[in-house]
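What follows is one structure encoded as structure tokens, with my remarks underneath.
The values are calculated or read from the model by the stated rules, or taken from the named source; none is laboratory data. None of the values given here were measured: they were computed from a predicted structure. Neighbour counts are summed over all protein chains in view; Cβ atoms, including those assigned to glycine, are modelled from backbone coordinates with ideal geometry. Note: areas computed on protein heavy atoms with side chains; ligands, DNA, RNA excluded. Shrake-Rupley method; radii C 1.70, N 1.55, O 1.52, S 1.80 Å.
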Amino acid sequence: MKQNGLETLRHQADVCVVGGGLAGLCAALSSARHGAKTLLMQDRPGLGGNASSEIRMWICGAHGDNNRETGIVEELLLENQYLNPEKNYSLWDSVLLGAVRGQENLEVLLNCACMDGQMAGNTLRSITGFQLTTQRFHQVDASIFIDCSGDSILAPITGASFRMGREGRGEFGESIAPTE
């Protein structure tokens, strides 16, 4: 199929995750490990978001005394410690890419920016992304979409309600949130 003279590739998945930062990476790995045919669409050339070599923020999200990251994040950190004891960010990128490339049931589209969504009533049925490196559109049909884009791209392209900014501590009772 062609769109604006450019090829459109169609993908069928059970779960489509938009955004390949740590949240999206973990969501996609978990989905695929539980047997769902999963597609991860990432608009950048690498995975990890702020924890990638582009931004270079090491994972330090666990808050409080004696807290640490666990689950898939811990698994990735342990693999990095084994393969990359010098903490080289380029090698860290490879650890993240290796985790998804070797995962059964998981397809990854790098450099592919989500730009449109097709609705059926109030239900998102497919998204379309453009992959800069191949000059192709990718249409992904899925039963479940998970927005881990960081900027919540699925909300505006589908007409869903959303808000911008941070909430104050009292709104949801979060002790570590800002006061206002």
(request) Please tell me if E180 is out of contact with any Cys (no Cβ under 9 Å at 6 or more places or on another chain) and either within 20 Å of E7 (Cα to Cα) or part of a loop (DSSP other than H, G, I, E, B) (or both). (result) yes
(request) Count, please, the residues in the range 119-132 that happen to be modelled with pLDDT under 95 and among the polar types (S, T, N, Q). (result) 2
(request) With the checklist (1) among the acidic types (D, E); (2) in a loop (DSSP other than H, G, I, E, B); (3) within 18 Å of I127 (Cα to Cα) in hand, flag the one item D14 doesn't pass. (result) (2)
(message) Anything in the range 139-171 that is more than 17 Å from V108 (Cβ to Cβ), open to solvent by less than 70 Å² (accessible area, probe 1.4 Å) and hydrophobic (A, V, I, L, M, F, W, C)? List them, or say none.
(response) I153, L154, A155, I157, A160
(request) Could you list, in sequence order, all residues of the range 76-108 that are of a type in the set (D, E), closer than 14 Å to A51 by Cβ and open to solvent by 50 Å² or more (accessible area, probe 1.4 Å)? (result) E79
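Inside the range 124-138, can you point out the residues that are open to solvent by 30 Å² or more (accessible area, probe 1.4 Å) and not charged (D, E, K, R)?
F130, L132, T133, T134, Q135
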